Amino acid sequence: MLTHYTNEPDALVNILNHGFAWVANRRHLAAQLVPMHAYSTREPQQFGMVSFTELRPEEAGAHTAVFGRLGIVVADSWARRHNAQRVMYVENKGPFTDALCAVFKMGYDDLKASIEYPDDGGWLMSFENKTAAAAVAGASLWANLLTIWEYLEPASSAYQREWRIVNPLPLYSLSEDKKETIENVTPPKGWAQHTSVISVTPADVEAIVCPSSLVRDIRSRLPSGYQDVQIIETDG
């Protein structure tokens, strides 16, 4: 059971109508995993993702307090089709973290040694973009490490029990401001009409999670085709 939570009825309806918007997620792991490089403006592969939790509604109190109490439960088949993956959480210290840092240093050094023209401004892209890294001779280790990076998160977020779908394409225009991103993807700007989002249909949605006090309002707002989707009521 994977659920995406939001905090506004309009946001929930917009997702059902237009799809999930890619959100830039700075994971705050750069200083820990690659302290030798200054990622001041963008972390590797910060090109958008959509997050879900495997927590059941009755377990998700701490999660919904952060992300909102309105949830969209997606079908397992939809999640598999879009390559949803469980997030791995990185502790501040420990043997796994030490090994991870060591492997990232190996990949970083390998990439740096393979860059032929270090004065070319384009080389910077290789440190944050696995597609560019893969194109650099001998940088396949770093490219694969950036894929791993996409599914890492600090241990302080482990309570979220997150799964995520990651944008496979570099999207440098994506704003780090989540509110701005959501506004851009919905009317009146209509970003979803010309920029990739992850669409859903009624067949992809198993249930809507909703506080009991909002059920009537949410039911009245559901787009065509969603009226028969199960609503899981929660307290409030």
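Here are the numbers:
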| quantity | calculated |
| --- | --- |
| Cα-projected label distance for ARG81 with THR201, points at 7 Å along beta-carbon direction, nm | 0.7 |
| Peptides ranked, highest mean first, by Cβ atoms within 10 Å: ranges 91-101, 27-37 | 27-37, 91-101 |
| Solvent exposure of the chain as accessible area per residue, Å², 1.4 Å probe | 51 |
| Calculated semi-axes √(5λ) of the Cα gyration tensor in Å (choose from (1) 25, 20, 17; (2) 36, 20, 14; (3) 23, 21, 19), label | (2) |
| Percent carbon-and-sulfur accessible area, the chain, ignoring ligands, DNA and RNA, probe 1.4 Å | 53 |
| Of the DSSP H helices in the chain, those whose Cα atoms cover at least 27 Å axially and whose Kyte score averages -0.5 or more | 95-114 |
| For the chain: relative contact order, % (alpha-carbon pairs under 8 angstrom, 6 or more apart) | 33 |
| Lys pairs, the chain - Cα-Cα below 16 angstrom, 8 or more residues apart or on other chains | 4 |
| Net lengthening on full extension, ILE231/ASP98 (0.36 nm per residue, minus Cα-Cα) | 43.4 nm |
| Residue-span extension gain [SER140 to ALA113] - 0.36 nm each, minus C-alpha spacing | 8.5 nm |
| Three-way shape label, the stretch 53-109, alpha-carbon gyration tensor, a/c 1.5 | oblate |
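The values are calculated or read from the model by the stated rules, or taken from the named source; none is laboratory data. All values derive from a computational prediction rather than experimental measurement. All Cβ positions, glycine included, derive from the backbone under ideal geometry; neighbour counts span all protein chains shown. Side chains included, ligands, DNA and RNA excluded: accessible areas come from the protein's heavy atoms. Shrake-Rupley method; radii C 1.70, N 1.55, O 1.52, S 1.80 Å.
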